[in-house]
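Trainee: Provided herewith is a single structure, encoded as C-alpha cells, for subsequent inquiry.
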Amino acid sequence: MLAVTGLTVATLPLLSTAALADDIGDSYSPDPLSALQAWAIYGGVVVGAFLLAIVLTLLSSRSSGPPRYRPGRPWSHDEIWVGDPPAVAEGERPHVALPGTGGASGRW
Amino acid sequence: MAVGEAFSHDQTDRLERARAAAEQQTGIAFAVRIGAIDGEPDLVAEQILANQVPNPRVEAVLLLVSPGDRLVHVATTAGAKRRVSDQIAGLAVLTMTSSFTVGDLVGGIVNGLRQLADAAGAPSGAHTRPGARSAAIEPSAR
C-alpha cells in the first residue's frame, strides 16, 4: 500500500508536466511528421520487434543445450540402447542367427 | 552423426524405468535399440538376440525402433515366444506406431513395453531363474 502511494505521488507530477506546459498545441496546428519520420516510427517499431524476437529465439536455441531428436526428422544420432547391448567377447565370432525367434513389425 | 544425445536425461530415465519395470514384472529380459537399422529388421533383430542370449530357451524380447525409417520391430526368442506370442507383439507394435504417428517416440516405446509386460504376465516358477539369463542382458543396477 505504501509502495503504491509512493509511486503515485512520484509519478503524477511527472505525467502532468505536459498539461502544465504553456503551449500543448491543438488539432488544427499539429506538428506534422514527414513521411519518412512516420515510416521510421511506425514501421521501425514493428520491424524492430520482429528483429528482437528473432534475436531472442536464436539466443535461446543456442543456449538450450545439445540438439535433441525431433519426431518426424531423419535420425542423425548414434544408436541408443535401453538395457544392455549385446556383448561379444573379444576374439569370439558374433552369432548370426537364433532359431525359433518370433515377433512383429510395423511402420508409421 | 549429430552432436549430443537424441533424448533428454528425463526421457532416457523414463525409458530405462519402463524397461526395468517390464523386466521385473515378467522376468523376461527386455532391451530396446533406437537407431538406424542396416538391413532387414527381422534378420538384424535375430542377429542381435543371438548375441544377447546364450541359447534360444532364454526369455528375451528386443524392440528395434528406427525413427528415420519409421519402422518398429519386436523380436522374441523361442523361450519368450510362449509368453509373448506374435499376435501380442503385433498389438504392441500397433500401440507403439499409434504414438509414433503423433510424434511421441518415448511414450510409444513406454506403452509398448507396458503392453508386452502386461501380456506376458508374472513369471511362473520355470521362468524365474535369473541365473539362466545371460550376464550381458542382466538388468543393470542403475
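The values are calculated or read from the model by the stated rules, or taken from the named source; none is laboratory data. As the structure is a prediction and not an experimental result, all values here were calculated from the model. Here Cβ is always computed from backbone atoms with ideal geometry, including for glycine, and neighbour counts include all displayed protein chains. The accessibility values were calculated without ligands, DNA or RNA, using every heavy atom of the protein model including side chains. Shrake-Rupley method; radii C 1.70, N 1.55, O 1.52, S 1.80 Å.
Trainee: Check A:VAL88, A:VAL55 and return the single one that is assigned to a loop (DSSP other than H, G, I, E, B) and either at pLDDT below 80 or loosely packed, with under 11 Cβ neighbours inside 10 Å (or both).
Mentor: Values: A:VAL55 fails: assigned to a loop (DSSP other than H, G, I, E, B).
After applying the criteria, what remains is A:VAL88.
Trainee: Shifting gears a bit: Working carefully through the options B:LEU94, B:LEU49, find the one that is part of a helix (DSSP H, G or I), surrounded by fewer than 19 Cβ atoms within 10 Å (Cβ to Cβ) and facing another protein chain (nearest Cβ under 8 Å).
Mentor: Values: B:LEU49 fails: surrounded by fewer than 19 Cβ atoms within 10 Å (Cβ to Cβ).
Sole residue among the options that is part of a helix (DSSP H, G or I), surrounded by fewer than 19 Cβ atoms within 10 Å (Cβ to Cβ) and facing another protein chain (nearest Cβ under 8 Å): B:LEU94.
Trainee: Collect the residues in the stretch B:59-91 that are in a loop (DSSP other than H, G, I, E, B) and in contact with a Pro (Cβ under 9 Å, 6 or more places away or on another chain), keeping them in residue-number order.
Mentor: In the first step, residues of the stretch B:59-91 are kept if they are in a loop (DSSP other than H, G, I, E, B); the result is B:59, B:67-70, B:77, B:82-85.
Selection gives B:GLU59, B:PRO67, B:GLY68, B:ASP69, B:THR77, B:ARG83.
Trainee: Being in contact with a Leu (Cβ under 8 Å, 6 or more places away or on another chain), open to solvent by 10 Å² or more (accessible area, probe 1.4 Å) and within 17 Å of A:GLY102 (Cα to Cα) is the requirement here; does B:ALA119 meet it? Walk me through it before giving the result.
Mentor: Numbers: in contact with a Leu (Cβ under 8 Å, 6 or more places away or on another chain): yes; open to solvent by 10 Å² or more (accessible area, probe 1.4 Å): yes; within 17 Å of A:GLY102 (Cα to Cα): yes.
Yes, satisfied.
Trainee: Could you go through the stretch B:61-72 and let me know if any residue there is surrounded by fewer than 24 Cβ atoms within 10 Å (Cβ to Cβ) and in contact (Cβ under 8 Å) with a residue 60 or more places away in the chain.
Mentor: no
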